[in-house]
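Inspection log for the structure reproduced underneath, given as structure tokens.
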Amino acid sequence: MKSDNGVPSHIAIIMDGNGRWAKKRLLPRSFGHREGVKTIDRIADEVFTLGVRYLTIFAFSTENWNRPEQEVTGLLGLFRKYLKSNEPKLLKRGIKLNVLGSRRAFDDELRTLVDEVCEHTSCGKVGTLNICFDYGGRADIVEAVNEFVEAGVKADEETFAERLQTHGMPDPDIIIRTGGEHRISNFLLYQSAYSELFFTDTLWPDFSGEEIKNIIAEYRKKDRRFGRINEE
Ligand code: FPP
């Protein structure tokens with residue numbers, strides 16, 4: 001959904017390439033993830049300043065639990081740190097934080113922290129930052145299906161979307177994947193039906209405000225037909 005000035009309403013990002021960024025510098029992978037967190041701030045600043053309403057970032061997938069324990073612990077630690085240190089900045093900039101995904105594997109402390117930061121920032125009117133952590137598109141769909149089965153009611157496309165974790169938000173206009181791979185990796189499977197996809201070789205820690213501005217400029221040239229034809 002483009003706004004009047006052609007700015008996308010919702011941008012979603014698969015932040016890939018942290019490990020390779022670190023490897024190129026002979027550093028442990030954790031350094032790449034740490035650097036990746038700085039990129040989140042840079043890109044969030046850029047897109048919310050441009051007027052984008054929703055930014056959704058894929059920080060940890062349901063499959064990422066299969067990474068080595070040390071890396072999983074490191075990513076959980078970065079997430080915890082991000083939540084602890086970023087609340088004042090989110091409040092100051094009017095950004096509402098949502099955490100999408102299952103919270104079942106979080107310990108009580110992390111679950112409380114997530115709830116608190118989401119609640120404290122819930123009045124943010126400038127934009128919404130969705131962090132997908134322990135998120136999978138398939139899991140999101142299966143949970144919604146089960147809710148309909150349990151309630152004994154049939155779904156339609158609208159009521160189904162309202163049961164997904166992104167309920168109340170527009171579908172992503174743009175999905176970007178950094179790091180050179182061309183796949184969607186279980187991200188926003190239902191919501192991406194008509195998203196414009198952009199793939200860049202840039203590794204996530206190197207992704208810049210300039211590059212996302214260029215992607216938005218490309219997006220603005222697109223003729224989005226949503227299955228229709230455009231009549232002259
Ligand atoms: C993919 O790069 C990146 C991830 C699986 C994690 C992304 C996480 C962050 C940017 C930081 C943590 C997030 C928060 C919100 C604190 P990769 O490791 O698969 O890179 P590679 O393909 O080069 O190995």
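Using alpha carbons only, how many angstrom separate the centre of segment 45-106 from the centre of segment 132-209? Between the Cα centre of segment 45-106 and that of segment 132-209, the gap is 16 Å. Of the peptides 6-14, 21-29, the order by per-residue mean of other Cβ atoms within 10 Å, starting with the highest, comes out as 6-14, 21-29. Rounded to the nearest 20 debye, the dipole size of the chain about its Cα centre is 800 debye, using +1 on the Cβ of Lys and Arg and -1 on the Cβ of Asp and Glu. Counting only DSSP beta bridges whose two residues both lie in the chain, roughly 5 percent are antiparallel. Ranking Thr49, Leu97, His10 by how far each Cα lies toward the positive end of the dipole of segment 1-115 (charges on Cβ) leaves Thr49 at the top.
Using the beta-carbon distance between Leu27 and Arg138 and R0 = 35 Å, what value does 1/(1 + (r/R0)^6) give for FRET efficiency, to the nearest 0.05? Provide the component values of the computation, followed by the final result.
Details: r = 33 Å, r/R0 = 0.94.
After rounding, the FRET efficiency stands at 0.60.
Counting charges near Gly77 (Lys, Arg +1; Asp, Glu -1) among other residues having Cβ under 11 Å from its Cβ returns a value of +3. The mean sequence separation of alpha-carbon pairs under 8 Å and at least six residues apart, normalised by the residue count of segment 66-198, gives a relative contact order of 22 percent. Modelled label positions at His182 and Glu158, each set 7 Å beyond Cα in the direction of Cβ, lie 3.7 nm from each other. Of the accessible area of the chain, computed with a 1.4 Å probe over protein heavy atoms only, carbon and sulfur atoms account for 50 percent.
Exceeding 22 Å between C-alpha atoms, which entries from my cross-link table qualify? They are Lys96/Lys222; Lys84/Lys213; Lys24/Lys84; Lys38/Lys213; Lys23/Lys96; Lys38/Lys92.
Details: Lys96/Lys222 29 Å; Lys84/Lys213 29 Å; Lys24/Lys84 30 Å; Lys38/Lys213 18 Å; Lys23/Lys96 34 Å; Lys38/Lys92 18 Å.
Those over the limit are Lys96/Lys222; Lys84/Lys213; Lys24/Lys84; Lys23/Lys96.
Net charge around Gly124, counting only other residues with Cβ within less than 15 Å of its Cβ (Lys, Arg = +1; Asp, Glu = -1)? Mind showing how you got there, number by number?
On the way: positive: Arg53, Lys89, Lys92, Arg93, Lys96, Lys125; negative: Asp45, Glu87, Glu116, Glu119.
Result for the local shell: +2.
If you take the square roots of the eigenvalues of the alpha-carbon gyration tensor of the chain and sort them as a ≥ b ≥ c, do you get rounded (a/c under 1.5), prolate (a/b over b/c) or oblate? Because its axes are fairly even, with a/c under 1.5, the chain counts as rounded.
The values are calculated or read from the model by the stated rules, or taken from the named source; none is laboratory data. Just so we're clear, the structure is a prediction, and the values are computed from it rather than from any experiment. In this analysis, Cβ positions are derived from the backbone assuming ideal geometry, glycine residues included, and neighbour counts consider all displayed protein chains. For accessibility, only protein heavy atoms count, side chains too; no ligands or nucleic acids. Shrake-Rupley method; radii C 1.70, N 1.55, O 1.52, S 1.80 Å.
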